[in-house]
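These notes are about the structure you will find just below.
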Amino acid sequence: MGIFDLFKSKEELKNSPWLTIESTENLDKVVEESKHTKVAIFKHSTSCFISKMVLKNFETDLNKHAPEGYKFYYLDLLRFRPISNQIAEQFMIRHESPQIIVLENGVAIYKASHENINLELLP
């Protein structure tokens, strides 16, 4: 099942591959965490059909064969748009949705959006 199924609650997300970003403090911790392990942030618009399809496909691949050495974070753009704006500004990456950004050592080392989001392409 995908992250969209019944618009999962926080309780349901506990059993999914995703950790969530819900505050600027969370984002700061994620950036710090990237100094120890690669971090992928999936920025998703819950109102966009394309974003839903891309997330569902990515999540299916992730559940089948998640790469080691990564932590995966989910950002709901409709609820937390200021955080998305901060990511765009902090890492000098134009906002897109859906979008995946990989952080390592506190910097963005990879980004992809829309149909270019593919688990196999992550560095």
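The values are calculated or read from the model by the stated rules, or taken from the named source; none is laboratory data. Quick caveat: nothing in here was measured; it's all calculated off a predicted structure. Cβ: placed from backbone, ideal geometry, glycine included. Neighbour counts: every protein chain shown. Calculation scope for accessible area: heavy atoms of the full protein, side chains included, ligands and nucleic acids excluded. Shrake-Rupley method; radii C 1.70, N 1.55, O 1.52, S 1.80 Å.
Some points to look at:
- Solvent-accessible area per residue in the chain equals 56 Å², computed with a 1.4 angstrom probe and all protein chains kept.
- Candidate values (i) 1.31; (ii) 0.96; (iii) 1.18 were compared with Cα Rg over 2.2 N^0.38 Å computed on the shown model; the agreeing label is (ii).
- Taking the helices alone, the chain has a mean residue ellipticity at 222 nm of -10000 deg cm²/dmol, built from -39,500 (n - 2.57) per DSSP H run of at least 4 residues and averaged over all its residues.
- Annotation: extensible slack from GLU22 through ASN118 equals 32.2 nm (criterion: 0.36 nm per residue apart, minus Cα-Cα distance).
- Put simply, the amide H of GLY106, placed in the peptide plane, has neighbours under 5 Å in SER34, LYS35, leaving out anything fewer than 5 places away on its chain.
- Pairs of lysines in segment 16-121 whose Cα atoms sit within less than 16 Å of one another amount to 11, provided the residues are eight or more positions apart or on different chains.
- Label-point gap, in nm, between ASN105 and ASP61 - each point 7 angstrom along Cα→Cβ: 2.6
- Sequence-distant residues sharing a close amide H with TYR73 (under 5 Å, placed H): LEU19, ALA40, ILE41, PHE42
- For segment 18-49, trypsin sites (Lys or Arg not before Pro) are listed when DSSP marks them as loop and at most 12 other Cβ atoms sit within 10 Å of their Cβ; the list is LYS35.
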